[in-house]
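The values are calculated or read from the model by the stated rules, or taken from the named source; none is laboratory data. This structure is a prediction, so every number in the text was calculated from the model and none was measured. Every residue, glycine as well, gets a Cβ built from its backbone with ideal geometry; the counts of neighbours run over all protein chains shown.
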Amino acid sequence: MDEKEFTRSDAAEWSECLCIWLARLQQEEPENYRLVCEHYLEGRTIRELAAERGWTAHQVSCRIYRAKRRIRSWASGLDPGSEHES
């Protein structure tokens, strides 16, 4: 699908799926969910998040990476409720 084919209904569907996947992440990995939200939605830096938690920046970065990887694995199945993880 090229960019021109991506419609508002596609965007709405992906938005709905993303909300479902984030809710799932929140339930399964609440700390990683918070890190993702604070970093990407609130614009906080990795260093800020690490200092606040007493962790290294590497630990925070790895947790965010793993959370994004989980969301991608759910998205690759295009089933937000799927229990299968690659």
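Observations
- Test: residue in the stretch 37-51 that is within 14 Å of residue 70 (Cβ to Cβ), within 11 Å of the chain's Cα centre (by Cα) and modelled with pLDDT of 95 or more: no
- So residue 55, is it part of a loop (DSSP other than H, G, I, E, B) and surrounded by 12 or more Cβ atoms within 10 Å (Cβ to Cβ): yes
- Subset of the stretch 1-51 (residues that are part of a helix (DSSP H, G or I) and among the acidic types (Asp, Glu)): 3, 5, 10, 13, 16, 28, 31, 38, 48
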